[in-house]
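Reading through the structure tokens given below for one structure.
The values are calculated or read from the model by the stated rules, or taken from the named source; none is laboratory data. Model, not experiment: these values are computed from the prediction. Cβ placement follows ideal geometry from the backbone for every residue including glycine, while neighbour counts extend to all protein chains displayed.
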Amino acid sequence: MVTVPESQTVPVTLPGVNVDAVAERGRPLPARELREVVFDVQGLGVSYSGNMALQDVSLEVYRNFVTAFIGPSGCGKSTFIRCFNHMNALIPGARIHGRILYHEQDLYGTDVDPVEVRKRIGMVFQKPNPFPKSIYDNVAFGPRVLGMTDGLDERVERALHQAALWDEVKDRLKASALGLSGGQQQRLCIARCLAVEPEVILMDEPASALDPIATTRIEDLMHELKRDYTIIVVTHNMQQAARVADMTAFFSVTRGGEGQRTGILIEYDATDKIFTQPSDKRTEDYVTGRFG
Amino acid sequence: MSAVSAGLRSSRRRGVWAGRLFMAFLLLSLAIGFATLLTLVVQVVFKGVEWVDLVLLLEPPSADPQIAGARPAILATIYLGVLLLALTVPLGVGTAIYLEEYANRNRWYNRLLEINIQNLAAVPSIVYGILGLAFLVRGLGLGRVLLAGAMILTLLVLPTVIIAAREAIRAVPDSIRQGAYALGATRWQVVWRQVLPAAVPGIATGSILALSRALGETAPLLLVGALTYVSFNPTLLGDFTALPVQIYQWVARPQPEFRDTLAASGIIVLLVILLAMNALAIWLRNRYERRW
């Protein structure tokens, strides 16, 4: 495994200068052999009660990258992201085919504990879902259930800082999380996820329920967080993928014999390539707005 | 101009009458329920309020209506209430958690269990009384004791408590469970730390309402041997009576002092106990109500 030298991953910016998000994202990506592979997905498929929702997906997810999954509704991108932390296992009748290697370890090996997986691979959901508890207890929930209760106050504060929420909530940590605005709730959910120090953060359309200002804040946060974390994001919004993602995977739908819809991976490449010179006609139709 | 407004008027007429008719029907339904309750309460209060005194509350029953009280019956009803809570809540909530959070509904035995519970809720209380007599009093050899009465009332209201608790657990949004699972919580932690606390108001309300129904029951208690004349304080494994049984016994007597006055005053005491419990249920619901 090759570790990427600092100089090649961090864009050349002056400290304290707020670079334009697109410009920052548009840095040249490190060469393929210099990237560290976090997930190696090999021929992955998901079926619900025998119906294939997603078929034959193979791609690599790299460390400290933002990887976006885009595509029309029903293309299986949400189903796909939920494979990375065993969330599909909660749905009765769901079956996983193929393999996902996480640091060369089979994520669906027989001796793998979903709880251990979810400890390392956190998730932020489409709709902010704070627990009906105080702001503090929301962030402290993960560390508590995982037994990481030493220095809990500092841990909670650090997570809230990282999620750019500390200044807004530091005076009301004991207040109910349900009193926060939608954007604040979503950042709280991000803080909640960061508090257990995962390696990867999965974000399933994290901004689709938010207004444009709150969306911008979440996107800025993703730029910040990718220095320390690997981020996978599902999004409906192509501009968002273009703004935040280093790599983009485009998914689409094929119809089987009995009108059954199955998601497939069409193209996976650097974001700039996907949006400017896609190699597949279907990707081009989608990103230029002719389809979907 | 006038044509327009005339057109508007004529098209609305039918809707207006249908609406008024429906409103009248609603008011009638409300009036019937309310008038019945009011008649009952007013009549009972007029007949019995002057006899609601310390003699009634503190003295044992007697052949002389002037010194007859209901202390053993009142105490036994309170004991029954406490025992009922201690027996029904753990069993009922436990069953509800199993059915909602653990049971796989594709298995036939779980579906059978569900149908059974729903049917049990509709079984007449006298049938439970016969079961109690045959199984608890004779079969297990418990004898005609307070504990047997509490156990049979437990069986009587258990289906209601289970159904109420299931509703409360089902009302906890799935996003809460998913959020907790995604942080690495085990199923036990998800249920115990997120689902149950959020379901407490619903469970409490349902349990208390079921309890107040059980405390008004007479038939099953008569069958498991609630005596009509008990002059001593009840014990767990001793002879007992209960307030509804005491009232039933007084009503059956020929003397008007017993039949009318004393019975009515007993009903007032029972009503006060039950209304206090319902008030507690409403208070609990409002106090801990959750917004999502």
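Which residues, counting only those in segment A:133-145, are of a type in the set (Gly, Ala, Ser) and not in a helix (DSSP H, G or I)?
Going through segment A:133-145, the residues of a type in the set (Gly, Ala, Ser) turn out to be A:134, A:140, A:142.
Scanning segment A:133-145 gives a single hit, A:Ser134.
For segment B:214-234, check the following and say yes or no: at least one residue is on the phi > 0 side of the Ramachandran plot and assigned by TED's automatic domain parsing to the domain that holds B:Ser125. First the steps, then the outcome.
Applying the first criterion (on the phi > 0 side of the Ramachandran plot) to segment B:214-234 yields B:225.
Next, only the ones that are assigned by TED's automatic domain parsing to the domain that holds B:Ser125 stay: B:225.
Scanning segment B:214-234 turns up at least one residue that is on the phi > 0 side of the Ramachandran plot and assigned by TED's automatic domain parsing to the domain that holds B:Ser125.
Go through segment B:163-204 and give me each residue that's of a type outside the set (A, V, I, L, M, F, W, C), part of a helix (DSSP H, G or I), without any contact (Cβ under 8 Å) to a residue 40 or more places away in the chain and within 11 Å of another protein chain (Cβ to nearest Cβ).
Passing the criteria: B:Asp174, B:Ser175, B:Arg177, B:Gln178, B:Gly179, B:Tyr181, B:Gln189, B:Arg193, B:Gln194, B:Pro197.
Among B:Leu140, B:Leu158, B:Leu136, B:Leu146, which is at pLDDT 90 or above and either of a type in the set (A, V, I, L, M, F, W, C) or in contact with a Lys or Arg (Cβ under 6 Å, 6 or more places away or on another chain) (or both)?
Working: B:Leu140 fails: at pLDDT 90 or above; B:Leu136 fails: at pLDDT 90 or above; B:Leu146 fails: at pLDDT 90 or above.
Just one listed residue meets the conditions, B:Leu158.
Could you grab me the full set of residues in segment A:134-146 that are within 25 Å of the chain's Cα centre (by Cα) and not acidic (Asp, Glu)? Let's see the steps before the verdict.
Quick first cut of segment A:134-146, residues within 25 Å of the chain's Cα centre (by Cα) only: A:135-146.
Residues satisfying the conditions are A:Ile135, A:Tyr136, A:Asn138, A:Val139, A:Ala140, A:Phe141, A:Gly142, A:Pro143, A:Arg144, A:Val145, A:Leu146.
Return the residues of segment B:214-241 that are within 16 Å of B:Val127 (Cα to Cα) and assigned to a helix (DSSP H, G or I); say none if nothing qualifies.
B:Ala214, B:Ala219, B:Pro220, B:Leu221, B:Leu222, B:Leu223
For segment A:146-214, list the helices (runs of 4 or more DSSP H) that sit wholly inside it and hold at least 1 residues that are of a type in the set (Phe, Trp, Tyr), on the phi < 0 side of the Ramachandran plot and surrounded by fewer than 21 Cβ atoms within 10 Å (Cβ to Cβ); which are they? Spell out the reasoning first.
Details: elements: A:152-162, A:166-169, A:182-194.
Correct list: A:166-169.
Which residue, of B:Glu289, B:Glu217, is among the acidic types (Asp, Glu), over 19 Å from B:Glu59 (Cα atoms) and within 14 Å of another protein chain (Cβ to nearest Cβ)? Show your work before the answer.
On the way: B:Glu217 fails: within 14 Å of another protein chain (Cβ to nearest Cβ).
Criteria check complete, one pass: B:Glu289.
In this structure, does A:Gln126 turn out to be in contact (Cβ under 8 Å) with a residue 60 or more places away in the chain, within 14 Å of chain B (Cβ to nearest Cβ) and assigned to a helix (DSSP H, G or I)? Steps first, please.
Working: in contact (Cβ under 8 Å) with a residue 60 or more places away in the chain: yes; within 14 Å of chain B (Cβ to nearest Cβ): yes; assigned to a helix (DSSP H, G or I): no.
Here the answer is no, as A:Gln126 does not meet what is asked.
Checking the condition polar (S, T, N, Q), in a helix (DSSP H, G or I) and in contact with a Ser or Thr (Cβ under 7 Å, 6 or more places away or on another chain), which residue from B:Thr88, B:Thr39, B:Thr77 passes?
The unique qualifying residue is B:Thr88.
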